[in-house]
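The values are calculated or read from the model by the stated rules, or taken from the named source; none is laboratory data. Here the structure is a predicted model, which is why all the values come from computation and not from measurement. Note that we place each Cβ from the backbone using ideal geometry, even for glycine, and neighbour counts take in every protein chain shown. With ligands, DNA and RNA removed, areas are computed over all heavy atoms of the protein, side chains included. Shrake-Rupley method; radii C 1.70, N 1.55, O 1.52, S 1.80 Å.
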Amino acid sequence: MKAFASFQKEISTPKKIFITTHVKPDADALGSSLGLANYLIKKGHEVTVVTPTDYPSFLNWMKGNEDVLDFSAPKQTAKAKRKLKEADVIFCLDFSVLNRVNELGDLIRRSDAFVVNIDHHQDPEDFADFRVWSTEAAATCELVYELIVKLGDKKLIDKDIAECLYAGIMTDTGGFRHPNTTKNVHHVVADLIEMGADNSQIANWIYDSNSVNRLKFIGFAISRRLVVREDLHLAYFIIGKKDLKKYESRTGDTEGLVNYALSLDGIHMAALFSEREDGIKISFRSSADVAVNKFAASFWNGGGHKNAAGGKSHLSMRATIQRFEDLVEENKDTLFPTKDLAEQTV
């Protein structure tokens, strides 16, 4: 792993830079990518942002969105590959292992470019030449902000860059409600607001931009697809492919749904099981004392943060749900470490 000085030298003169993030990018993934891209463009670099898949339309307001290449879109794949091959520097943002970017991971692994990883997830894979990594950070956008400041370029953060970075911090802290909302987070977002970030408008773009179908879908899910296991202090949603088709679900329409389950009184762990073409996508959420990232990593080929993680299953939905409930019951002493929670979960 090379030192900061090596990284600083690497980007000291204009280079061809390739930025990518994880599949189905959220606000932190896209915000950190476009926030960094807009900064690097100001420094004279030629920058290309490539996402492995599409992302929610409620993020389209970010500056540079119209130039993002979707690697999964057939008409954009060849150009994305060419840009990666030409790159002098590759930035990998908001993921710690290369399998989070699908085919792009193998291409990055084989590249001769200088690779930079900026991330806040646990257990990073050793694939980068230089890494900005901290599990103490609430969001990758927080780390990007601190990196720009460390490079001595705080003055280059304008309204557009500030708003991209603010969005990622806002969402990864659950609107500043999660335990990862630290003193440093408040200092950073205060700076970003001072630099022009319109915090009220950003919240409106992300949280209050719903289609009629999405609202109907959320109502249907809560009334028809929510399962509550009070004996396990557990609640979860089961969403099938037919449900998604019925409500013409688009990328991002299930975003935040799992939080409704966690909001129930007495519930310490929540999950969303969503049936996709390539398997069942699982989102986990938990109260402060319950570490769902370890549960996801141990049993569901996933990972994430202590209170917000994800995983995947290639079993049928019925078999997946049965396995899930059995694993929660079998591992309740590990999942619910405090004596009171473990004793209640019987």
*What is the stretch 207-327's relative contact order, in percent, from Cα pairs under 8 angstrom and six or more apart in sequence?*
17 percent
*Classify the stretch 190-235 as rounded, prolate or oblate from the Cα gyration tensor: take a ≥ b ≥ c as the square roots of its eigenvalues, call it rounded if a/c is under 1.5, otherwise prolate when a/b beats b/c and oblate if not.*
oblate
*How much length is gained if the chain between Thr13 and Arg177 is pulled fully straight, taking 0.36 nm per residue apart and subtracting their Cα-Cα distance, in nm to one decimal?*
55.0 nm
*Grab the beta carbon distance between Met317 and Asn102, set R0 = 35 Å, and tell me the FRET efficiency rounded to 0.05.*
0.90
*Ordered by packing density, taken as the mean number of other Cβ atoms within 10 Å over each peptide's residues, highest first, how do 2-8, 265-271, 281-287 rank?*
281-287, 265-271, 2-8
*As a check on your grasp of the helix formula, calculate [θ] at 222 nm for the chain: sum -39500 (n - 2.57) over DSSP H runs of n ≥ 4, divide by the residue count, round to the nearest 500.*
-12500 deg cm²/dmol
*Taking a 1.4 Å probe, which of Trp61, Trp205 shows the most accessible area, and what order do the others take after it?*
Trp205, Trp61
*Which log10 I(q)/I(0) values, to two decimals, does the stretch 1-123 give at q = 0.11, 0.15 Å⁻¹ under the Debye formula with one point per Cα?*
-0.33, -0.63
*Count the lysine pairs in the stretch 254-337 that are 8 or more places apart or on different chains: how many have C-alpha atoms under 15 angstrom apart?*
4
_I need the shape label for the stretch 184-271. Rule: rounded when a/c is under 1.5, else prolate if a/b > b/c, else oblate, with a, b, c from the alpha carbon gyration tensor._
oblate
*Which stretch or stretches of the stretch 228-262 have amide N atoms under 15 Å from the point lying 7 Å from Asn213's Cα along the Cα→Cβ direction?*
241-255
*State log₁₀ I(q)/I(0) for the chain at q = 0.11, 0.13, 0.14 Å⁻¹ as given by the Debye formula over alpha-carbon point scatterers of equal weight, solvent excluded.*
-0.74, -1.03, -1.18
*With labels modelled as points extended 7 Å from the Cα through the Cβ direction, what inter-label distance (nm, one decimal) is found for Leu264 paired with Ser111?*
4.4 nm
*In whole Å, largest first, what are the principal axis extents of the Cα atoms in the stretch 73-204?*
40, 31, 31
*What accessible area per residue comes out for the chain, rounded to a whole number of Å², with a 1.4 Å probe?*
47 Å²
*Give the carbon-plus-sulfur fraction of the accessible surface of the chain in %, rounded to a whole number; probe 1.4 Å, heavy atoms of protein chains only.*
48 percent
*Obtain the nm distance between the two label points defined at Asp70 and Arg276 by a simple spin-label model: each point lies 7 Å from its Cα along the Cα-to-C-beta direction.*
1.4 nm
*What number, in percent, do you get for the relative contact order of the stretch 118-242 if the mean sequence gap of Cα pairs under 8 Å and at least 6 apart is divided by its residue count?*
19 percent
